[in-house]
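One structure below.
The values are calculated or read from the model by the stated rules, or taken from the named source; none is laboratory data. All of these numbers come straight from a predicted model, not from anything done at the bench. Neighbour counts are summed over all protein chains in view; Cβ atoms, including those assigned to glycine, are modelled from backbone coordinates with ideal geometry.
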Amino acid sequence: MFKGKINKILYGGDYNPEQWPREVWDEDMRLFKLAGVDIATVNVFSWALNQPDEETYCFDWLDDVMDMLHRNSVWACLATGTAAHPAWMAKRYPDVLLVDFEGRKRKFGRRHNSCPNSPTYRQYSTRMASKLAERYKNHPALLLWHVNNEYGLRCYCDNCEQAFRVWLKRRYGSLDALNAAWNTRFWGHTFYDWDEIVLPSLLSEHLSARDVDQTAFQGISLDYDRFMSDSLLGTYLDEYHAIKTIIPDAVVTTNLQSNGAYKPLDYFKWAPHLDIAALDCYPTNDMPMSVVAMRHDLMRGLKNGDSYLLMEQSPSQLNWKPYNALKRPGVMRLWSYQAIARGADSVMFFQMRRSAGAFEKFHGAVIDHAGHEHTRVFRECAELGGELQELGGKLLGARVEAGVALLFDWENWWALEHSSGPSAGLKYLSEMQSYYDAFYGQNIQVDLVGTDADLSRYGLVIAPVLYMVKPGVADKLKRYTEGGGIFVTTFFSGIVGESDLVAAGGYPGELRELLGLWVEEIDALFPEQHNRIVMKEPLGSLGGDYACGLLCDLLHPEGAEVLAEYGEEFYRGMPVLTRNRYGQGEAWYVASSPDASFLRDLAGSLCAMRGIKPLLEAAEGIEVSRRVKDGRAFLFILNHNHAAGAVDLGPLEQTELLSGTTMNGTVTLQPKDVLILEGPAL
């Protein structure tokens, strides 16, 4: 990826020297050396500084920064600076300004304030990327390009409306096809001219300012979701291609936000255009570590298991939450190694030096407002920097090997939560997380993959609430199962196709043959209501009764074997867990949302059937992950608990990389501590 330029896990983060007097810069370099920093992201929000008017470009300050980084052996992650257009542009060219969901045109301010379909914005942002690439193409500090920053805000302006119509013409070809896909005879919505189509917003199809998902026409809103993700991708590609035209071998990326699971953008569609994926990860102190782990695994899955960059995390506290607690001693180090354990080849922070003013002045930083190295946070950062230097290149490019895949689909997410029923409590990420937790808690590694992924390398594929079945997906799942795989899906699956039209002939639509069942009705339970899953007989670790709720499918087997039945309500005795033999494999169906104990036992039983073993048996709160490279395995053991915990490593002697000691048998791991064990990849 970096053509032999780097020989260790990259360490550094966002650096904004333009916010500080020149005399501070040399002190920053001294502190960077003390902390082991070897990469700095620069120029992220400097468009106004670099371009004071339409024709003038001023890069002298950036020249000095790039030269300074090189003199101090720090790589530059060079941003294009296009995430906030200059004030002069908003004043002279108001087409760059966003219109929000409620139809209000914004004024200049904040960031991410540009319409992705503004001709002005796209012209000037592309030109800026070209100017930067031409100027710094041969600079020795340049390692990586960082386009824009945390893409995401949606726009509802006239330019977007016109672009939406063009996008729809490409997608459907004719109004007849569009009307059929959107079922526009409902509520008299038939369109006879492309110019009759308006964007779905609070002014048209949407029902609530509090819940942007509530829409009268799911097909229209779903296509807007696709269109806006594509529009933002288009602005990224403008800059991407501008850089690549001048520097064909440039490494270009952008930082993906919201801990990697950002609803408005289909990151699987973006992934082919990222030379390396990059994650901004900001967990709070009360966030379960399995939630963070799933986001890391999703980021790795974007590029077919390749390494990614941890582009941003906070060294300590956040600043945008209602309550911004400090990271406790050892936590920054622990969470950094969690990212590395799951595939990251960098540890980077926002920010290197705390801003003196404005919104992020109280956001954590390596260098605090005190301005020196004598702080707890700096000492912890320097200690981690030293450890990463000692680890060298051992872990670079090492891959995570998983036998289980969770099928993750952004379009399914959008469609599911636009649905006008059956329950407001049904949330895609929550169901995904529940299944992920069942494996995470047993230290069984999981890949999160898109519908285009090669499934043949997995012994077990799980697709929770696969509400939308896009063209080709059902056949792909049939081939996978027929070839010997175990496929698991759940209630409210196989309901609609890619236009959110219900599959005729009964649920679960295209999955009916594969699953060997028909769902007649779906019962929505109130939050305080529950039913029971009663196993007919023990199956592996599955046995007895379990609680379930949210939704309950009332189904009839059509060849599937009934493994468990409902224990309550008028559908007591009806199937709730089924297994259908299909070719050489099996298709399982979970007809309700089970409690955590059921999912844990189901995951354990299915993995035992496929010979997929936990990496280690460990107490709750002790996370285990493994990366493999050149016949060597690197086992990460992370203690998220507030108390020490014992772990049995087994009889094989392994080298602990952070201490250099040899270990086997039972060892004690201190609170918030980490072990990295190297041994043969058996």
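Annotations for the structure displayed:
- Residue in the range 623-646 that is of a type in the set (Lys, Arg) and under 18 Å from Val292 (Cβ atoms) present: yes
- All positions within the range 274-319 that are aliphatic (A, V, I, L, M), in a helix (DSSP H, G or I) and surrounded by 18 or more Cβ atoms within 10 Å (Cβ to Cβ): Val292, Ala293, Met294, Leu298, Met299, Leu302
- Residue within the range 305-317 that is in contact with a Lys or Arg (Cβ under 8 Å, 6 or more places away or on another chain) and more than 24 Å from Leu143 (Cβ to Cβ) present: yes
- The set of residues in the range 97-140 being of a type in the set (D, E, K, R), in a helix (DSSP H, G or I) and surrounded by 15 or more Cβ atoms within 10 Å (Cβ to Cβ) consists of Arg122, Arg127, Lys131, Arg135.
- Taking residues in the range 93-107 that are more than 20 Å from Leu202 (Cα to Cα), and partners anywhere that are of a type in the set (S, T, N, Q) and part of a strand (DSSP E or B), the pairs with Cβ atoms closer than 6 Å and at least 6 places apart or on different chains are Val96/Ser114.
- Among residues of the range 398-421 being at pLDDT below 95 and surrounded by fewer than 16 Cβ atoms within 10 Å (Cβ to Cβ), the one that is nearest to Thr489 (Cα to Cα) is Gly421.
- Matching entry among Ser130, Ser73 (being at pLDDT 95 or above, over 25 Å from the mean Cα position of the chain (by Cα) and at positive phi): Ser73
- Filtered by the rule that a residue be under 17 Å from Phe487 (Cα atoms), in contact with a Gly (Cβ under 9 Å, 6 or more places away or on another chain) and part of a strand (DSSP E or B), the range 558-575 gives a lone residue, Glu561.
- Residue check: Leu265 meets all listed conditions (1) within 16 Å of the chain's Cα centre (by Cα); (2) part of a helix (DSSP H, G or I) but one, namely (2).
- Among the criteria (1) assigned to a loop (DSSP other than H, G, I, E, B); (2) outside the structural domain of Leu477 (by TED's automatic domain parsing), the one Arg626 does not fulfil is (1).
- Look at the range 221-232: where a residue is outside the structural domain of Ser499 (by TED's automatic domain parsing) and a partner is among the β-branched types (Val, Ile, Thr), sitting 6+ places away or on another chain with Cβ atoms under 6 Å, you get Ser221/Thr215.
- For the range 529-538, the condition of being part of a strand (DSSP E or B), touching a residue at least 60 places away in the same chain (Cβ under 8 Å), in the same structural domain as Thr578 (by TED's automatic domain parsing) and surrounded by 18 or more Cβ atoms within 10 Å (Cβ to Cβ) holds for at least one residue.
- Neighbours by Cβ (under 8 Å, 6+ apart or cross-chain): first from the range 49-63, assigned by TED's automatic domain parsing to the domain that holds Glu18; second among the acidic types (Asp, Glu) and surrounded by 13 or more Cβ atoms within 10 Å (Cβ to Cβ): Leu49/Glu18; Trp61/Glu18
- The range 639-675, residues that are in contact (Cβ under 8 Å) with a residue 12 or more places away in the chain, part of a strand (DSSP E or B) and either farther than 18 Å from Gly330 by Cα or touching a Phe, Trp or Tyr at 6+ places or on another chain (Cβ under 6 Å) (or both): Ala646, Val647, Asp648, Gln654, Thr655, Glu656, Met663, Thr666, Val667, Val674
- Extreme residue, farthest from Met29 (Cα to Cα), among residues of the range 373-426 that are of a type in the set (Lys, Arg) and within 27 Å of the chain's Cα centre (by Cα): Arg399
- Ala177 vs. criteria more than 31 Å from the chain's Cα centre (by Cα), of a type in the set (A, V, I, L, M) and in a helix (DSSP H, G or I): yes
- Number of the exception - Asp28 against (1) touching a residue at least 24 places away in the same chain (Cβ under 8 Å); (2) in a loop (DSSP other than H, G, I, E, B); (3) surrounded by fewer than 23 Cβ atoms within 10 Å (Cβ to Cβ): (2)
- Just one of the numbered conditions (1) modelled with pLDDT of 95 or more; (2) touching a strand residue (DSSP E or B) at 6+ places or on another chain (Cβ under 9 Å) is not true of Gly260: (1).
- Residue within the range 243-250 that is buried (at least 22 other Cβ atoms within 10 Å of the Cβ), over 30 Å from Arg379 (Cα atoms) and modelled with pLDDT of 95 or more present: yes
- The C-beta contact set for the range 408-426 (first residue among the acidic types (Asp, Glu), second residue part of a loop (DSSP other than H, G, I, E, B) and modelled with pLDDT under 95, distance under 8 angstrom, 6+ apart or interchain) comprises Glu417/Asp213.
- Residue check: Val42 meets all listed conditions (1) out of contact with any Leu (no Cβ under 7 Å at 6 or more places or on another chain); (2) in the same structural domain as Ala141 (by TED's automatic domain parsing) but one, namely (1).
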